[in-house]
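Working notes, beginning with the structure itself.
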Amino acid sequence: MKTKFHASHRRHIWKKLAGFCVFNTISLTLVAWIADAELTEAGPNAKETQQDACSRTSLDALNSCRTSAQSAYSLSLGNCDNIPDPAQREQCHQDAQAALQVALQTCQDQFVARQQLCGLLGGGPYNPVIDPANFGGPIDNPYFPLIPGRTLIYEAHTVDGIKRNTVTATHETVQILGVTCVQVHDVVYLNGERIEDTLDWFAQDHQGNVWYFGENTLEISNGLVVSTEGTFTSGVNGAKPGIIMETHPAVGDAYRQEFVLGTGEDSEQVVGLDKTVRVPYGTFDHCVEIKETTALEPTVIVHDFYAPGIGPVMSLESGERLELVQIVNE
């Protein structure tokens, strides 16, 4: 009933502004696009696909995304209704329609990315068993050591200027799901101005895998916090931890780094071993290369390189090269 109400409301507006034929053409185009997307997501093996938890989760997220897009569209139409000039009001409606189609395409792209990840990870539910007794001690994984008091400093030359990233393993700890996690302070500066300030929480299991339990992140503009998007704590509102570094990385290994449906869905895949990486701080052999992706931004692909005894030494994303330039110890 809600969908029909929104459709009739839009028809009424477009009759007044541009005539029924114009709106009807756009509506039919949108309906055809959605129908095509639904056929794509279903496919010939839809019945079999929808039986596994991973694919059902993808469909649930797709439905949620589409509902949010439709809600935003309806609010946009409401704002358009209050524009007195007919030509400007019509343009507002057209812009809202275009934005809706972009949003729906994004929903579909995210769905495809989630399904691809299901293919890598399998169809079972994501529910890692966290036993506090299986955690404890220092984080000394050779590819992700966290030495309290040590700061790794990175720099990148971007189109917006010089980005500087300081990552400090603090002496502070946080209890999450009964596990004692090391707190890491990660700050990003652009041309000397702080733009991100994050506290990350990690713990290592007795097998040597390093787990990512959450973060408290702030996006900053002109000294003011403008967003906390990405913040999560495992065990709260369905958030679950993931692995940031395996004990023995092997090419082809794939795993979730975090799982907060619709908020944080980063995943990793090991794509290279024994790499040599040259950065301003030095040359490192036997590096592990990991590809990081997220279903929330399917076109964003990051390649991170981890050196034994150091941790991350270089990150490549869309032509941006973030490199280790300095290490400071207490």
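Read-outs throughout are calculated quantities, based only on the coordinates presented, and are distinct from any laboratory measurement. Because the structure is predicted, anything quoted here is derived from the model rather than measured. Cβ coordinates were reconstructed from backbone atoms using ideal geometry, including for glycine residues, and neighbour counts include every protein chain displayed.
Before moving on, here are some points about what is shown:
- Summed over all non-identical Cα pairs, the Kirkwood treatment of segment 179-236 gives a radius of 12.6 Å.
- Once the C-beta distance of residue 253 and residue 98 is scaled by a Förster radius of 41 Å, the resulting FRET efficiency is 0.50 to the nearest 0.05.
- Distance cut-off 15 Å, percentage of C-alpha pairs in segment 279-330 lying past it: 51
- Across segment 117-129, rounded Karplus estimates of 3J(HN,Hα) from the backbone phi angles (6.51 cos²θ - 1.76 cosθ + 1.60, θ = phi - 60°) give 5, 4, x, 7, 9, x, x, x, x, 8, 8, x, 7 Hz, Gly and Pro being marked x.
- Whole-Hz couplings from phi, Karplus 6.51/-1.76/1.60, listed for segment 174-191; x for Gly and Pro: 9, 8, 9, 6, x, 9, 7, 10, 7, 9, 10, 9, 10, 10, 10, 10, 10, 6
- Net charge of the neighbourhood of residue 303, taken over other residues with C-beta under 12 Å away and scored Lys/Arg +1, Asp/Glu -1, is -3.
- Other-chain or far-sequence residues with amide H under 5 Å of residue 245's (modelled H): 210
- Measuring nothing but how far apart in sequence close Cα pairs (under 8 Å, 6+ apart) lie, relative to its length, segment 132-328 scores a relative contact order of 18 percent.
- A viscosity of 1.567 mPa s and a temperature of 4 °C, combined with the Kirkwood radius over Cα pairs in Stokes-Einstein, give a translational diffusion coefficient for segment 139-211 of 97 µm²/s.
- Our coupling estimate for segment 285-298, obtained by passing each phi through the Karplus curve with A = 6.51, B = -1.76, C = 1.60 and θ = phi - 60°, is 9, 6, 7, 9, 9, 10, 8, 10, 9, 9, 5, 6, 9, x Hz, Gly and Pro reported as x.
- Neighbour-count ranking [beta-carbon atoms within 10 angstrom, fewest first] of 107, 181: 107, 181
- Cα centroid of segment 178-217 to Cα centroid of segment 254-330, whole Å: 14
- Based on Cα atoms of segment 132-328, Rg over Rh with Rh as the Kirkwood radius reads 0.93.
- For residue 274 and residue 320, the difference between the fully extended length at 0.36 nm per residue and the C-alpha to C-alpha distance is 14.3 nm.
- Here segment 83-142 is assigned +1 on the Cβ of each Lys and Arg and -1 on the Cβ of each Asp and Glu. Its dipole about the Cα centre then comes out at about 140 debye.
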